[in-house]
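Worksheet for the structure shown next.
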Ligand code: GYE
């Protein structure tokens, strides 16, 4: 009773301030600027991949379009930098916090601090492993396990009816990150259906092109008969392509390649026949994030889990899609 009443009063205040228009009169709603502008503190993972660059751009552009003041902080791939950024957002009393957690674990303490300060938190792109889901309002992003499954299902079809052994190498994303954990699990679950499939090597390439290349070089040296590469993102797959070509092999033919993301560089390699299949993961989370930020700021209830819509691409589909690809 009490709760719904205060929400009603609060939205009433918002309506009044909206009616006041450009007059700049104070809505009286605490920390918000004089004009009622929402301040969103956002802690980004870093700039490890094409996906991340597109994600950052989407968030910055959508905040500007929505009239939300964005405090953007780049963690350069380090969890401790994210925790520092979140604490600084709390001290600054931003209206809403959003972040894409580098790894899944170790967030409970700082999330509790945000909750105690009354600042709503939105997870974007990556999940946390906190048992208490009251520590955040919503989690917006892909289902990485399904992405891994889609990659595995394509491979099952590709080798349907064949009885030869299939040696697979895997380039994992950042160790301990939600997409690395779930893309590995989803793929592993799917390929169990074919006993000829064997993951002969699996190692992290940290979602980076340069690491994908060096790790693939060591795979090629230690394992002469690689049939398939499954890379958790396009960038690592693109790095691996360089290593495969340098070893005198033909990517896409001598070694079949499956990746995740579908950024422009990945789609180009797919259309060129160097990659065989890409599972899409959309980085364009900005517009939905701004929408959720406005709602939680207004005390409205939002879905705990908001999934992004995604597809998959074959080489033929990549040729058609490439001219329209925005990132
Ligand atoms: O697939 C990868 C990026 O968390 C979904 O992070 C994201 C992943 C994306 O570095 O390219």
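The values are calculated or read from the model by the stated rules, or taken from the named source; none is laboratory data. Note that the structure is predicted; figures quoted are calculated from it, not measured. Glycine also receives a Cβ, built like all others from the backbone with ideal geometry; neighbour counts cover every protein chain displayed.
Annotations for the structure displayed:
- So residue 304, is it assigned by TED's automatic domain parsing to the domain that holds residue 98 and either within 16 Å of residue 50 (Cβ to Cβ) or in contact with a strand residue (DSSP E or B) (Cβ under 8 Å, 6 or more places away or on another chain) (or both): yes
- With respect to (1) at pLDDT 95 or above; (2) surrounded by fewer than 20 Cβ atoms within 10 Å (Cβ to Cβ), the lone exception for residue 224 is condition (1).
- Of 236, 216, all but one fail to be buried (at least 22 other Cβ atoms within 10 Å of the Cβ) and within 16 Å of the ligand (Cβ to nearest atom); the exception is 236.
- Only one of the numbered conditions (1) at pLDDT 95 or above; (2) within 15 Å of the ligand (Cβ to nearest atom) is not met by residue 244, and that is (2).
- Matching residues, region 50-69, being surrounded by fewer than 16 Cβ atoms within 10 Å (Cβ to Cβ) and either within 12 Å of residue 119 (Cβ to Cβ) or within 16 Å of the ligand (Cβ to nearest atom) (or both): 53, 57
- Test result for residue 72, surrounded by fewer than 17 Cβ atoms within 10 Å (Cβ to Cβ) and more than 16 Å from the ligand (Cβ to nearest atom): yes
- Any hit, region 92-105, residues being in contact (Cβ under 8 Å) with a residue 40 or more places away in the chain, in a helix (DSSP H, G or I) and more than 22 Å from residue 70 (Cα to Cα): no
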